[in-house]
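The values are calculated or read from the model by the stated rules, or taken from the named source; none is laboratory data. On a predicted model such as this, the values are computed, not experimentally measured, just so you know. For neighbour counting, all protein chains shown are included, and Cβ atoms are generated from backbone atoms with ideal geometry for every residue, glycine included.
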Amino acid sequence: MDAPLLHIQIDKTTVVPLFRQIYEKIREDILRGRLGPGTRLPATRTLARELGISRNAVMAAYDQLHAEGYTQARAGGIYPGGPGHPLPDVCGAGFIGISPGRGRKGEHRTAGP
């Protein structure tokens with residue numbers, strides 16, 4: 001399935017970091033069922049270009065979603081949680097630190113405790 005157009009409004013004047021704005025919008029879309037398990041998220045370069053922001057901000061948002069279990073990396077892209085990868089209980093979901101960058105191709109890195 002092709003990547004959907006995400007209707008993300010970025011506010012560059014707020015104190016909320018760009019990656020957090022992206023993270024919150026995608027997380028909301030996943031929890032409300034607007035992005036299902038078979039829906040591939042846009043590539044980081046594509047989404048960054050569409051939003052007119054740094055790719056690093058998109059990568060940080062995707063990394064945070066992955067760290068919290070909202071997404072999974074599969075062949076061909078990043079997808080919302082699906083069979084074998086249940087979505088997390090939102091009541092206990094916390095926000096953790098992330099490290100910039102990625103590991104090997106298709107592998108996400110997050111900061112440890």
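Within the range 21-35, restricting attention to residues that are under 18 Å from D63 (Cα atoms) and either of a type in the set (A, V, I, L, M, F, W, C) or modelled with pLDDT under 90 (or both), which residue is surrounded by the fewest Cβ atoms within 10 Å (Cβ to Cβ)?
The initial filter retains those residues of the range 21-35 that are under 18 Å from D63 (Cα atoms), namely 21-31, 35.
In the following step, the residues that additionally are either of a type in the set (A, V, I, L, M, F, W, C) or modelled with pLDDT under 90 (or both) were identified as 22, 26, 30-31, 35.
Values: I22: 25, I26: 26, I30: 22, L31: 15, L35: 21.
Looking at the filtered set, the residue picked out is L31.
Find the residue count for the range 35-71, including only residues that are among the hydroxyl-bearing types (S, T, Y), over 14 Å from L18 (Cβ atoms) and touching a helix residue (DSSP H, G or I) at 6+ places or on another chain (Cβ under 6 Å).
Total meeting the criteria: 2.
State all residues of the range 36-53 that are modelled with pLDDT of 90 or more, surrounded by fewer than 17 Cβ atoms within 10 Å (Cβ to Cβ) and at negative phi; if no residue qualifies, say none.
Correct list: R40, A43, R45, T46, R49, E50.
Hey, any hits in the range 10-20 for a residue that's of a type in the set (F, W, Y), surrounded by 17 or more Cβ atoms within 10 Å (Cβ to Cβ), at pLDDT 95 or above and touching an Asp or Glu at 6+ places or on another chain (Cβ under 9 Å)? Spell out the reasoning first.
As a first pass, look at the range 10-20 and keep what is of a type in the set (F, W, Y): 19.
Applying the additional criterion that residues be surrounded by 17 or more Cβ atoms within 10 Å (Cβ to Cβ) yields 19.
Now restrict to residues that are at pLDDT 95 or above: 19.
Adding the requirement that they be touching an Asp or Glu at 6+ places or on another chain (Cβ under 9 Å) leaves 19.
Yes, the range 10-20 has at least one match.
Quick check, is I78 of a type outside the set (D, E), assigned to a loop (DSSP other than H, G, I, E, B) and either modelled with pLDDT of 95 or more or surrounded by 15 or more Cβ atoms within 10 Å (Cβ to Cβ) (or both)?
Values: of a type outside the set (D, E): yes; assigned to a loop (DSSP other than H, G, I, E, B): no; either modelled with pLDDT of 95 or more or surrounded by 15 or more Cβ atoms within 10 Å (Cβ to Cβ) (or both): yes.
No: the conditions fail for I78.
Can you pull out the residues in the range 54-66 that are in contact (Cβ under 8 Å) with a residue 24 or more places away in the chain and surrounded by fewer than 18 Cβ atoms within 10 Å (Cβ to Cβ)? Spell out the reasoning first.
Step one: list which residues in the range 54-66 are in contact (Cβ under 8 Å) with a residue 24 or more places away in the chain, which gives 54, 56-66.
Scanning the range 54-66 gives S54, N56.
Return a yes/no flag: does the range 81-92 have any residue that is at pLDDT 80 or above and not basic (K, R).
Let us first name the residues in the range 81-92 that are at pLDDT 80 or above, namely 81.
Still in the running and not basic (K, R): 81.
The answer is yes, given that some residue of the range 81-92 is at pLDDT 80 or above and not basic (K, R).
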